[in-house]
Each structure stands twice: as C-alpha cells, then as structure tokens.
Ligand code: ADP
Ligand code: MG
C-alpha cells in the first residue's frame, strides 16, 4: 500500500509565458512536519506556495492533501492558511476584524467569531492590541496578527512566505522561536519559504533546497550540511551570512 502524505506535490510545473519557473517539483510532507523551501531569489519558491494555496494555476502536475487532489479547487475551499512577506493585513480593519475576517467569510456567527479570534490573539500575544489598526503596529506585531488571521479558520496546512524578512534580527529570532513553538503545539503541517540558510537550518524538520524551479535536495538540516548532494547545495548551505 502507498503511504499517504499530508501534502504531496507531484511533478508540479509552472510556465509564465515561455518561461518555466517551477520545473517538475516533487515534495512529500508528513502531518505536522515543518519544511523549508530554501533558495535564491527568483528560484520559484513563492510561485510554488501560490499554486498550493490556489492563487496560481498549475501548468502541469498535481497537489494532494491526504491523498485527495486539491489543485482544481478555489483557494477558499482548500483550507490552507498563508502569511506573506509584508503588507498582509487589511489597513481599514482593526486587528480583531482582520483576524475574524476568514470566519466572517465562512458565515461563522458573531459570538463564535469573537471567541475564536480572541483565542488566536492570545496565542500570538496580541490581545492588548485588538482594537488597533495595522498602521499603529510594528512590523513584528503585524506579522503576529497575520499569523493569527491565517490560523483562525483551523487550516490543515500553513504556508509562510518569508514572513520575517522585513524584521530586524532580534525580533526575527524571537518570532522564529514563537512560530515554531506554536506550529508544534498545533501540529500543523507547514511550508516555510526563505532565502536565509541560517533561518532554514534553525527552524526546519527538513529543507528542500531549490534552484531554478527544481528541488536539488530535500533532507534534514544536519544531512544537508554533512552530505550535500550537489555543488549548488554545498555552496548555498555553506555560504554563511
Ligand atoms: P522566489 O519566491 O523564489 O523569489 P518567484 O516564485 O517569486 O521566486 O518567481 C520565480 C520566477 O517567476 C521569477 O523569475 C519571477 O520573475 C517569475 N514570475 C513570478 N510571478 C510571475 C508572474 N505573475 N508572471 C510572470 N513571471 C512571474
Ligand atoms: Mg518569493
């Protein structure tokens, strides 16, 4: 019998015009795993997340969640949470309204919306800021709210696209720890996109090193470090910051 993964990309391809930016990508992820897509700018990381979330169509291949294809579904039917690099919040809505938004779309009654948003704001330590607006928050606080908003609908999969890249180093380190702890406690299957090898090595169960739309190697951090499969992986992982 075939093993059923929580999330499985099979021969996923994306062409923009005549250019292939994602080239037969294969990644299989177990329930609760934290996987990083690591690679230089332009290698196809964000495009891969957009296809999983449903904001971009596939040119070829399949995306499966627990064995069922989802690549034909509208984004709102996929139950996937996503946090982008920056500017992710609705500026005209308060913190609480931002977090409740996904529940409102799903027609969850007001009382339940309030209690679920309240729980998530607690989890990301933002309860005291519930009535503020995004412009009144620091970058780190905005990303905490974005995380709460992504998780409030209890998605089965979480996608994080360079969520800390706009933050200064201390804040980034705090949030790396917090996000990993929260992800573990919820047991949520997560793909984390970064071009920062130290961040990927620190946070991930496994890392898929990408180059020009392909996965060069997918392995646990210590294995990538000890036994890089290609010259590219050796250079990219060993380079330091
Ligand atoms: P990464 O996130 O790894 O930096 P992206 O997935 O954003 O890379 O982009 C991969 C390549 O696809 C880049 O060359 C980028 O210019 C191109 N690309 C991304 N989105 C589009 C689009 N909507 N139309 C045309 N080209 C795109
Ligand atoms: Mg990107």
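Structural remarks
- Residue count for the stretch 24-34, restricted to those that are assigned to a strand (DSSP E or B) and either surrounded by fewer than 16 Cβ atoms within 10 Å (Cβ to Cβ) or within 16 Å of ligand 2 (Cβ to nearest atom) (or both): 3
- Hits in the stretch 105-148 - residues which are in contact with a strand residue (DSSP E or B) (Cβ under 9 Å, 6 or more places away or on another chain) and assigned to a loop (DSSP other than H, G, I, E, B): none
- Of all the criteria given as (1) loosely packed, with under 14 Cβ neighbours inside 10 Å; (2) in a loop (DSSP other than H, G, I, E, B); (3) modelled with pLDDT of 95 or more, the one not satisfied by residue 11 is (2).
- Members of the stretch 155-175 found to be away from ligand 1 (no atom under 16 Å from the Cβ) and either in contact (Cβ under 8 Å) with a residue 24 or more places away in the chain or surrounded by 15 or more Cβ atoms within 10 Å (Cβ to Cβ) (or both), listed by number: 155, 156, 157, 158, 167, 171, 172, 174, 175
- Residues that are farther than 27 Å from residue 202 by Cα and either crowded, with 17+ Cβ neighbours inside 10 Å or away from ligand 2 (no atom under 16 Å from the Cβ) (or both) occur in the stretch 37-54; there is at least one.
- Qualifying residue in the stretch 206-215 (condition: away from ligand 2 (no atom under 16 Å from the Cβ) and either farther than 16 Å from residue 45 by Cβ or at pLDDT below 95 (or both)): no
- Listed by first and then second residue, the pairs linking a residue in the stretch 37-62 that is over 13 Å from residue 192 (Cα atoms) and assigned to a loop (DSSP other than H, G, I, E, B) to a residue that is within 13 Å of ligand 2 (Cβ to nearest atom) and modelled with pLDDT under 95, with Cβ atoms under 8 Å apart and 6 or more places separating them unless they lie on different chains, are 40/195; 41/195.
- Enumeration of residues in the stretch 14-25 that are modelled with pLDDT of 95 or more and out of contact with any strand residue (DSSP E or B) (no Cβ under 6 Å at 6 or more places or on another chain): 15, 16, 19, 20
The values are calculated or read from the model by the stated rules, or taken from the named source; none is laboratory data. The model shown is predicted, which means the values in this text are computed figures rather than measured ones. Ideal geometry is used to build each Cβ from the backbone, glycine not excepted, and the neighbour counts take in all protein chains shown.
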